[in-house]
Amino acid sequence: MTSEPSLSLCMILRDETANLRHSLGPVHRLFDEVVVIDTGSKDGTQDLARSYGAKVIEIPWSDDFATARNASIAVASGDWLFWLDGDNRIMPEDVETIRGHIDARRESILWCIEVVVPSGEQLIQKRVFPNRPEVYFEGRVHEQLVHPAHYRLVMTPVKIIHWGYADKVKAKQKGERNLRLLKDMVKRQAPDLYLCYQTGKTLFNLRRFGEALPWLGRAAAARNQADQNQGLYFHAHILQAQTLERLGRIQEAEDCLKKLIKTNPEYGPSHFYLGRHLYARSDYKEAAKRLQAFLRQGANDPVSGLNSSHLTFMAALLLGRCHEKMKNPESAMAAYRMAAKVDPANPEPSLALARISLARNRPDQALRHVRRCLELSPGNRRGTELLEDIAGHGQA
């Protein structure tokens with residue numbers, strides 16, 4: 001009788017006692033093996049990991065994430081490997097979902113969805129892979145999984161919660177560390193699309209916009225490599241436009257987005273960001289066209305980490321405002337209802353619906369909407385003022 005394939009959990013850690021109870025603690029019994037590579041903990045991480053049954057190996061930190069990940073692979077004995085960081089969490093039921101996707105042939109790569117909190121950004125990552133010598137990591141930072149081209153790629157619904165960037169001080173420290181490692185990689189190899197993108201994005205997140213722009217420009221110009229990393233190639237243009245905007249070069253930012261739309265009209269986020277630009281300069285008609293195009297197409301970008309739900313909410317909200325400016329109340333209300341459906345906890349759509357209803361002399365309808373706004377946001381100043389206006393119509 002053939003036994004089920006075994007599954008090892010591989011982690012690289014340093015000083016993670018505060019996180020390990022939330023990451024490893026709830027799931028350590030669900031794996032056939034837990035391997036921890038510790039790169040110099042001083043806070044008891046190793047003992048805590050061992051208390052969860054982990055095999056702990058100490059190695060010196062060499063400023064190379066791929067080296068550490070590959071060290072965990074070398075120690076692991078499972079047929080399949082799943083990697084998790086100390087500031088990551090997977091639900092126990094999702095471990096079973098992973099087991100349901102692995103197979104005896106061991107020629108598949110399983111993608112999972114990383115959800116970054118609190119931003120809500122989501123991106124897909126290769127998290128589960130067979131334990132074979134031809135599968136390994138490369139790259140000092142933002143390391144990538146290397147595997148034979150014929151391997152089957154399987155998208156799973158498994159979500160990994162990543163909270164390591166929630167603390168702004170620690171996020172900046174990680175950004176500075178990543179930038180140092182990226183610059184070291186640039187010295188060692190010719191910067192390709194991926195490396196230029198990651199360097200530019202890191203500088204953008206560190207708000208060093210003047211330094212970010214040349215890197216993002218190089219990534220956006222690497223059209224010959226776009227097929228290999230299409231999502232990052234497209235997103236490089238978005239970041240380039242956002243960087244130009246922050247540098248006060250508004251027209252160049254719009255031109256960048258228009259160029260991307262002309263060459264790749266199916267990429268939804270370009271329509272959203274151009275629509276936002278056009279709205280900001282009061283070109284409501286053209287802004288509405290772009291926002292509608294985005295809402296038809298969606299974000300369609302699982303690689304660069306865009307928060308598609310937030311973009312959809314903002315597109316619907318801005319579309320409603322465009323229609324208000326253009327004196328199209330029915331269309332505005334339809335857009336606001338869409339926004340409310342996407343984010344039921346946000347009071348802005350209810351406030352807008354109440355405002356339009358009152359302007360159309362429908363105080364009873366306005367009252368329902370403003371009460372919803374105040375339910376979601378007690379003491380909301382604009383909602384309270386609107387409630388007073390409705391009272392003037394004898395409806396409160």
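The values are calculated or read from the model by the stated rules, or taken from the named source; none is laboratory data. Owing to the predicted nature of the structure, the values given are computational and were not obtained by experimental measurement. In this analysis, Cβ positions are derived from the backbone assuming ideal geometry, glycine residues included, and neighbour counts consider all displayed protein chains. Keep in mind that these areas ignore ligands, DNA and RNA; they rest on the heavy atoms of the full protein, side chains included. Shrake-Rupley method; radii C 1.70, N 1.55, O 1.52, S 1.80 Å.
Picking from residues in segment 203-250 that are among the hydrophobic types (A, V, I, L, M, F, W, C), assigned to a loop (DSSP other than H, G, I, E, B) and at pLDDT 95 or above, the one that is nearest to Arg281 (Cα to Cα) is Leu247.
Residues of segment 278-306 that are in a helix (DSSP H, G or I), modelled with pLDDT under 95 and crowded, with 21+ Cβ neighbours inside 10 Å: none at all.
Across segment 123-160, the qualifying residues are those that are open to solvent by 20 Å² or more (accessible area, probe 1.4 Å) and of a type in the set (S, T, N, Q), and the one among them that is nearest to the chain's Cα centre (by Cα) is Gln125. Scanning segment 40-57 finds one or more residues that are in a helix (DSSP H, G or I), among the polar types (S, T, N, Q), more than 30 Å from the chain's Cα centre (by Cα) and under 26 Å from Asn178 (Cβ atoms). Close Cβ contacts (under 7 Å, 6 or more residues apart or on different chains) running from residues in segment 240-264 that are farther than 15 Å from Pro214 by Cβ to residues that are modelled with pLDDT of 95 or more and of a type in the set (D, E, K, R) comprise Ala253/Glu245.
Just one of (1) assigned to a loop (DSSP other than H, G, I, E, B); (2) touching a Gly at 6+ places or on another chain (Cβ under 9 Å) fails for Asp63. It is (2). Counting only residues that are of a type in the set (Val, Ile, Thr) and surrounded by fewer than 21 Cβ atoms within 10 Å (Cβ to Cβ), which one in segment 1-38 is nearest to the chain's Cα centre (by Cα)? Per the criteria, the residue is Val27.
Could you list, in sequence order, the residues of segment 113-140 that are among the β-branched types (Val, Ile, Thr), modelled with pLDDT of 95 or more and outside any strand (DSSP E or B)? Scanning segment 113-140 gives a single hit, Val135. The residue list Lys170, Lys174 contains one member that is free of Cβ contacts under 8 Å to residues at least 12 places away in the same chain and either among the polar types (S, T, N, Q) or open to solvent by less than 70 Å² (accessible area, probe 1.4 Å) (or both), which is Lys174. The residue list Ala221, Ala226 contains one member that is of a type outside the set (D, E, K, R), under 24 Å from Phe294 (Cβ atoms) and surrounded by fewer than 22 Cβ atoms within 10 Å (Cβ to Cβ), which is Ala226. Take Asn264 and decide whether it is on the phi > 0 side of the Ramachandran plot and among the polar types (S, T, N, Q). Against the criterion (on the phi > 0 side of the Ramachandran plot and among the polar types (S, T, N, Q)), Asn264 does not qualify. Of the residues examined, Trp163 is not one that is of a type in the set (A, V, I, L, M, F, W, C), free of Cβ contacts under 8 Å to residues at least 60 places away in the same chain, out of contact with any Leu (no Cβ under 6 Å at 6 or more places or on another chain) and surrounded by 13 or more Cβ atoms within 10 Å (Cβ to Cβ). If you go through segment 6-20 and keep only what is closer than 21 Å to Val141 by Cα and among the β-branched types (Val, Ile, Thr), you end up with just Ile12.
Report whether or not Leu353 is in a helix (DSSP H, G or I), among the hydrophobic types (A, V, I, L, M, F, W, C), open to solvent by less than 50 Å² (accessible area, probe 1.4 Å) and under 30 Å from Gly298 (Cα atoms).
Details: in a helix (DSSP H, G or I): yes; among the hydrophobic types (A, V, I, L, M, F, W, C): yes; open to solvent by less than 50 Å² (accessible area, probe 1.4 Å): yes; under 30 Å from Gly298 (Cα atoms): yes.
Answer is yes for this residue.
Just wondering, is there one or more residues in segment 85-101 that are in a helix (DSSP H, G or I), farther than 29 Å from Arg177 by Cα and more than 29 Å from the chain's Cα centre (by Cα)? Checked segment 85-101: no residue is in a helix (DSSP H, G or I), farther than 29 Å from Arg177 by Cα and more than 29 Å from the chain's Cα centre (by Cα).
Name the residue, out of Ala366, Ala332, Ala339, that is open to solvent by less than 50 Å² (accessible area, probe 1.4 Å), closer than 28 Å to Asn264 by Cβ, in contact (Cβ under 8 Å) with a residue 12 or more places away in the chain and out of contact with any strand residue (DSSP E or B) (no Cβ under 9 Å at 6 or more places or on another chain).
Working: Ala366 fails: closer than 28 Å to Asn264 by Cβ; Ala332 fails: closer than 28 Å to Asn264 by Cβ.
Within the list Ala366, Ala332, Ala339, the selection yields Ala339.
A count restricted to segment 198-214 and to residues that are under 21 Å from Asp301 (Cα atoms) and either surrounded by fewer than 20 Cβ atoms within 10 Å (Cβ to Cβ) or without any contact (Cβ under 8 Å) to a residue 24 or more places away in the chain (or both) stands at 2.
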